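Q: Just dropping this structure here.
The values are calculated or read from the model by the stated rules, or taken from the named source; none is laboratory data. On a predicted model such as this, the values are computed, not experimentally measured, just so you know. Cβ atoms come from the backbone with ideal geometry, glycine included; neighbour counts cover every protein chain shown. Surface accessibility is based on the protein's heavy atoms, side chains included, excluding ligands, DNA and RNA. Shrake-Rupley method; radii C 1.70, N 1.55, O 1.52, S 1.80 Å.
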Amino acid sequence: MSPIKPPEAQDGPSGFDPGQEDPPIRFGVWGDSAVGAGVVGSSGQAGSSDPGGTTPGGAGTLGINNENQGIGVLGRADKNTGTAVLGTSSQGTAVSGLTKGVNPAVAGKGTQGPGVSGTSEQGAGVVGVSRDSDGVTATSTTAAGLTATGEAGAGVVANSKTGTGVKAVSFSGSGVEAASTTGTAVGATSHDGTAVRGDSGHSDTSGFQFGFSPNSGPGVMGTSFNGSGVFGFSEDRTGVHADGNVGIFASGRTLAGRFDGDVHVSGTLTQGVADVRIDHPLDPGNRFLSHSSVTSAVRKNVYDGTTTLDAEGAATVELPDYFEVLNEECQYQLTPLGDPAPNLHISSPVSGNRFAIAGGRPQQRVCWQITGARRDAWSRAHPLRTEAEKPPEECGYYLHPEAHGQRPERAIASLHHPEVVRRRWGGEERG
């Protein structure tokens, strides 16, 4: 195609010629300027804020393509820091797109700069609405797929009734980056689909991803210097739900976890020690009182009490109606009060959820204790293994390495979560 002379520019030509591009760019209207906007459009007619209105009034510049795969408005920036499409609004929507087919309402692609950039002082920076496809799709090979900043409002607002509210893909950078001074950085709502989802292809270390991670990077990661890294809230359901080979792993400098309220564990709770700490009864405002629990190589239930012997120096102790169903291998202890009782003994072991005492002094008080090994269905299905070999990959690692004179990175937790070692040691790898 031979060179085409552009219209006279107010500030001189830029030197750009669409006919010399490879391939040549075909166009309906061409505007050229060395310092100002290539095309400036203005309209005095008020238009609807909905881009799907039948009357496209109020559009400064309107691009329409009637072909199925056509583009209404195309923006391209050749410089490294240029923006392909830039929308700025003081109160309204900076960039708005609507599609009735399967193509994205707004699609931006940047080689190094942002695919789509929207800035608004009060309204939404970018709004994308789609009936059948993604509201906003942004792709970038090295930089952020989508960058949005809101001074008072949301950086990005996306709504989808069945599809994805926001979908961003980045091959090396962040899928979505959003910042807000006082409002919400990213706000997304979906009725049936995913509100926010991002895929991180090869993130083996830390990063900010939302949703699904096919490698070893975190599916969701939140970082905060003073607040909560990740916060989940639900009025009626679970605030945070985790499902995996290990549902939740937590590591802290002072506490790995803090629970304010009741905690329910349906399986086995394995721990180094079980302590109880309460406000000290004599000085609850300034001191704690700690006690340790009693452990055993057998899962035992303990029952105790005090009974008064009858005129013959005997008594029958009634136990709960579930005792014999729950317990086996019972053991007894008797302690007479006041006077010795050398002949005090168990005259009849447990039968019918009761046992009998004899050989004491009439009207003597006796303290009794009985223990039983659990025999319920769950305990039989999960017998306690008092001694077990470590798996081959955990040999040489410890639950509490410091107690055995080992370095912290020899902890079993660090074996399965090496990022804990990198974070605690400032990124220094130690052997």
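Q: Between a first residue in region 136-159 that is within 16 Å of residue 114 (Cβ to Cβ) and a second residue that is of a type in the set (Asp, Glu), which pairs have beta carbons less than 6 Å apart while being 6 or more apart in sequence or on different chains?
A: 144/177; 147/177
Q: Next question. Is one or more of the residues making up region 321-336 more than 53 Å from the chain's Cα centre (by Cα) and surrounded by 16 or more Cβ atoms within 10 Å (Cβ to Cβ)?
A: First, the residues of region 321-336 that are more than 53 Å from the chain's Cα centre (by Cα): 334-336.
After this cut, where a residue has to be surrounded by 16 or more Cβ atoms within 10 Å (Cβ to Cβ) as well, the list is 334, 336.
So far as region 321-336 goes, yes, one or more of its residues are more than 53 Å from the chain's Cα centre (by Cα) and surrounded by 16 or more Cβ atoms within 10 Å (Cβ to Cβ).
Q: Against the definition (within 30 Å of residue 380 (Cα to Cα) and either open to solvent by less than 30 Å² (accessible area, probe 1.4 Å) or out of contact with any Phe, Trp or Tyr (no Cβ under 6 Å at 6 or more places or on another chain) (or both)), how does residue 312 come out, yes or no?
A: On the way: within 30 Å of residue 380 (Cα to Cα): no; either open to solvent by less than 30 Å² (accessible area, probe 1.4 Å) or out of contact with any Phe, Trp or Tyr (no Cβ under 6 Å at 6 or more places or on another chain) (or both): yes.
So residue 312 does not fit the description; no.
Q: Here are some conditions: (1) out of contact with any Gly (no Cβ under 6 Å at 6 or more places or on another chain); (2) open to solvent by less than 70 Å² (accessible area, probe 1.4 Å); (3) at pLDDT below 70. Residue 234 meets all but one. Which one does it not meet?
A: (3)
Q: In region 304-316, how many are more than 14 Å from residue 335 (Cα to Cα) and in a strand (DSSP E or B)? Reasoning before the result, please.
A: Narrowing region 304-316 to residues more than 14 Å from residue 335 (Cα to Cα): 310-312, 316.
Add one more test, that the residue is in a strand (DSSP E or B), and what stays is 316.
Counting residues in region 304-316 that are more than 14 Å from residue 335 (Cα to Cα) and in a strand (DSSP E or B) gives 1.
Q: Using the structure shown, decide if residue 370 is of a type outside the set (Ser, Thr, Tyr) and at pLDDT 95 or above.
A: On the way: of a type outside the set (Ser, Thr, Tyr): yes; at pLDDT 95 or above: yes.
Yes, satisfied.
Q: Any idea which residue in region 257-303 is nearest to residue 383 (Cα to Cα), counting only those that are open to solvent by 70 Å² or more (accessible area, probe 1.4 Å), of a type in the set (A, V, I, L, M) and not in a loop (DSSP other than H, G, I, E, B)?
A: Among them, the one singled out is 302.
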